[in-house]
Amino acid sequence: MMILGIPAPLLFGQLLLGVINGAFYAMLALGLSIIFGMLNIINFAHGALFMMGAFAAWLMLHYLGIGYFPALILGPLVIGAFGIVLEKVLISRLYKLDHLYGLLLTFGLALVIEGLFRNEYGSSGLPYNIPRALSGVTDLGFMYLPVYRAWVVAAALVVCLTTWAIIEKTPLGARLRAGTENPALVRAFGINVPRMITITYGAGVALAAFAGVLAAPIYSVNPDMGDNFINTVFAIVVIGGMGSIMGSIVTGFALGVIEGLTKVFYPQGSATVIFLVMVIVLLFLPRGLFGKAA
Amino acid sequence: MSATTETPAPAAAPAAHGIFGFTRAQAVAFVVMLAAIVILPHILYPIFLMRVLMGALFACAFNLLIGYLGLLSFGHAAFYGMGAYLGAWALKVWHLDAALAILVGGATGGLLGLALGWLAIRRSGIYFAMITLALAQMVYFFCVEAPFTGGEDGIQQIPRGVAFGLFPLHSDMAMYWFTAAIFLAGFLLIHRVIHSPFGQVLKAIRENEPRAISLGYRVQDYKLIAFVLSAFLSGIAGATTSVIFGIATLDGVVSDRSGDVVLTTLVGGLGTVFGPVVGAAVTTAMENYLAQFGSWVTITQGAIFVVCVLAFRRGIVGEVAARLKLSL
């Protein structure tokens with residue numbers, strides 16, 4: 001079967017890869033957005049924390065015998081707790097300063113974290129097998145679907161939509177949104193805003209770590225895996241604008257798909273297509289697709 | 001950066017005294033720097049000093065944006081690296097004069113800066129940082145694919161050639177004096193620009209952009225001109241470095257290079273005149289010393305970032321200037 005002169009299995013295969021990349025873009029962009037909303041800093045350590053999530057899964061398996069599914073819960077908890085320590089000890093000291101200092105601090109943290117992991121584990125990458133329950137392939141008739149890949153997309157969707165629901169539909173989320181709008185006023189109502197900020201950072205980091213655990217069986221676990229993703233995710237955040245939770249999710253998935261399709265129709269452009277979309281968006285909608293007025 | 005930072009208040013009246021608007025303290029510092037440039041090559045390895053000088057020029061160019069306009073670029077490697085490639089190409093393939101080849105590198109940086117800056121100045125603050133980072137990443141991918149860069153090998157065995165048709169640059173000392181002249185020209189150009197009415201407008205934009213707009217200044221034009229100038233000088237630094245070492249590789253465009261120049265400027269002192277120079281000496285010496293320890297370079301760089309941001313935001317020169325109540 002051919003679609004637009006492209007063999008259908010190739011087209012669907014790349015489309016699936018695009019959706020999977022999109023799932024990671026969406027989770028990372030979402031984490032950056034909620035952190036930005038509360039802390040007003042852009043977390044340059046996000047890629048490093050994503051990488052730490054993948055390493056957490058690998059370390060748990062090799063030293064503690066903890067399997068994939070427990071790691072999917074424990075990894076984000078451990079790395080999220082690490083994020084909370086970072087926020088408490090370091091990042092919280094900078095809130096009264098220009099936001100660019102927060103960016104520089106998290107950039108430095110990323111260098112330290114990635115350097116330490118590179119020192120300890122080298123750059124070649126460590127294998128992490130797909131758990132048995134999720135291995136294998138399903139025949140969908142028009143293409144073969146690896147079960148693990150379907151699982152990644154489903155898990156990412158559930159986590160993204162749950163995050164969206166918590167922020168948009170629950171009392172906790174309402175406080176969070178109020179804190180984003182006007183922290184001084186929320187504080188006057190007796191809500192502990194600094195604690196809310198800490199928890200938000202921890203949650204954003206946990207989201208990155210969750211993505212990291214999901215990524216461990218697909219990409220080899222190596223210290224640079226976050227770096228490869230995060231620059232693209234920054235472009236996606238610029239495209240979507242950080243004002244909207246749903247916007248980050250939609251933009252993440254959409255750009256993954258666009259990247260996948262580019263691989264089919266114009267392979268040479270696949271590395272740069274997301275950056276080109278960013279250029280076009282900047283030309284016509286400088287605030288991003290879902291960005292609010294400055 | 002904006003008014004919330006701890007940077008000391010900028011010097012008052014522009015060009016009120018001395019040549020090129022140096023205050024007395026700055027004039028003294030400048031003489032000290034000149035003396036160091038003349039004496040040090042007889043004590044230290046000239047190749048190392050040339051790396052310091054070009055690192056300093058690159059950081060001065062970067063500092064023009066962050067220090068006087070409050071714009072943090074995370075993509076300056078694009079201008080540095082493309083300048084290095086085109087400068088190398090001009091020297092090796094077109095057989096141009098070394099001075100002309102370096103100008104080709106600068107022009108490449110400037111033109112690229114015009115295109116990327118035109119896009120990036122549509123946003124400010126952290127978005128500006130992310131956009132410059134992403135655009136530089138695009139340039140990097142382009143360089144990986146494009147045939148003229150030589151891919152992983154880069155452009156190798158670039159001859160140093162002859163400067164101005166008169167001075168052969170084969171010996172390290174000749175190359176050193178040429179590099180020192182380029183650095184001083186760039187340094188004085190930036191200093192002159194900062195202390196011109198144009199530079200005062202840049203500071204006004206940094207302090208209060210809406211006010212500058214309401215006073216009738218075309219803020220976007222000012223930002224773009226400053227961006228192009230900064231990119232041009234970054235290209236000059238990149239091209240000169242490729243002439244010094246005879247090689248231009250992906251190492252120049254990779255995003256680590258953008259991080260290095262941020263660190264250099266931060267260590268020396270954001271928004272100070274001599275900070276980037278001191279910062280370049282410190283970070284280049286550190287890289288030299290740590291090179292044998294592999295990834296400890298990155299770890300140390302990261303740790304310095306963290307320490308500087310938390311406890312040492314003025315940087316070395318900024319701290320000294322604040323202690324002595326001077327503007328340096």
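The values are calculated or read from the model by the stated rules, or taken from the named source; none is laboratory data. Since this is a predicted model, take the numbers as computed values, not measurements. Positions of Cβ are backbone-derived with ideal geometry, glycine not excepted, and every protein chain shown enters the neighbour counts. Accessible surface areas use protein heavy atoms only, side chains included; no ligands, DNA or RNA. Shrake-Rupley method; radii C 1.70, N 1.55, O 1.52, S 1.80 Å.
Being of a type in the set (V, I, T) and closer than 21 Å to B:G106 by Cβ is a property that B:I66 has.
Mind checking whether some residue in segment B:161-168 is open to solvent by less than 10 Å² (accessible area, probe 1.4 Å) and part of a helix (DSSP H, G or I)?
No - not one qualifying residue is present in segment B:161-168.
Checking each residue of segment A:42-53 against the condition of being at positive phi and small (G, A, S) gives no match.
Inside segment A:223-277, can you point out the residues that are of a type in the set (S, T, N, Q) and open to solvent by 40 Å² or more (accessible area, probe 1.4 Å)?
Filtering segment A:223-277 down to residues of a type in the set (S, T, N, Q) leaves A:228, A:231-232, A:244, A:248, A:251, A:262, A:268, A:270, A:272.
Within segment A:223-277, A:N228, A:Q268 qualify.
Checked against (1) open to solvent by less than 60 Å² (accessible area, probe 1.4 Å); (2) within 21 Å of A:A54 (Cβ to Cβ); (3) not polar (S, T, N, Q), A:I167 meets all criteria but (2). Evaluating A:R132 against the criteria (1) open to solvent by less than 50 Å² (accessible area, probe 1.4 Å); (2) within 17 Å of A:L72 (Cα to Cα) leaves one unmet condition, (1). Scanning segment B:209-227 for residues that are part of a helix (DSSP H, G or I) and among the aliphatic types (A, V, I, L, M) gives B:A212, B:I213, B:V219, B:L224, B:I225, B:A226.
Pairing each residue of segment B:258-271 that is in contact (Cβ under 8 Å) with a residue 12 or more places away in the chain with any residue that is open to solvent by 10 Å² or more (accessible area, probe 1.4 Å) and acidic (D, E), provided the two are 6+ apart or on different chains, yields C-beta distances under 8 Å for B:G269/B:E319.
If you go through segment B:291-311 and keep only what is more than 7 Å from chain A (Cβ to nearest Cβ), touching a residue at least 40 places away in the same chain (Cβ under 8 Å) and of a type outside the set (A, V, I, L, M), you end up with just B:C308. Looking across A:R195, A:R175, one residue alone is among the charged types (D, E, K, R) and in contact (Cβ under 8 Å) with a residue 12 or more places away in the chain. It is A:R175. The C-beta contact set for segment B:24-43 (first residue at negative phi, second residue in a helix (DSSP H, G or I), distance under 6 angstrom, 6+ apart or interchain) comprises B:I37/B:A180; B:L40/B:L49; B:P41/B:L49; B:P41/B:Y176. On the stretch given as segment A:62-100, residues that are open to solvent by 10 Å² or more (accessible area, probe 1.4 Å) and free of Cβ contacts under 8 Å to residues at least 24 places away in the same chain total 15.
Conditions tested, residue by residue: (1) touching a residue at least 24 places away in the same chain (Cβ under 8 Å); (2) of a type in the set (A, V, I, L, M, F, W, C).
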| residue | (1), (2) |
| --- | --- |
| B:G117 | yes, no |
| B:L135 | yes, yes |
| B:F141 | no, yes |
| B:E145 | no, no |
| B:E152 | yes, no |
| B:F164 | yes, yes |
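Every condition in (1) crowded, with 24+ Cβ neighbours inside 10 Å; (2) under 25 Å from A:G173 (Cβ atoms) holds for A:F36 except the one numbered (1). Screening B:H95 on (1) farther than 29 Å from B:A281 by Cβ; (2) open to solvent by 50 Å² or more (accessible area, probe 1.4 Å); (3) assigned to a helix (DSSP H, G or I) shows it passes everything except condition (3).
Considering only segment A:251-275, state which residues are free of Cβ contacts under 8 Å to residues at least 60 places away in the same chain and more than 9 Å from chain B (Cβ to nearest Cβ). Residues satisfying the conditions are A:T262, A:Y266, A:P267, A:G269, A:S270, A:V273. Give segment A:101-129 a look and list any residue that's within 9 Å of chain B (Cβ to nearest Cβ), touching a residue at least 12 places away in the same chain (Cβ under 8 Å) and either more than 17 Å from B:Q301 (Cβ to Cβ) or open to solvent by 40 Å² or more (accessible area, probe 1.4 Å) (or both), or say none. Within segment A:101-129, A:G102, A:R118, A:S123 meet the criteria.
Matching residues to (1) among the hydroxyl-bearing types (S, T, Y); (2) assigned to a helix (DSSP H, G or I); (3) closer than 24 Å to A:F253 by Cα:
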| residue | (1), (2), (3) |
| --- | --- |
| A:L105 | no, yes, no |
| A:V153 | no, yes, yes |
| A:V158 | no, yes, yes |
| A:T163 | yes, yes, yes |
| A:I167 | no, yes, yes |
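Residues of segment B:273-290 that are open to solvent by 40 Å² or more (accessible area, probe 1.4 Å) and either within 14 Å of chain A (Cβ to nearest Cβ) or closer than 28 Å to A:Y95 by Cα (or both): B:E287 alone.
Could you check, for segment A:34-55, whether at least one of its residues is away from chain B (no Cβ under 12 Å) and aromatic (F, W, Y)?
Yes: one or more hits.
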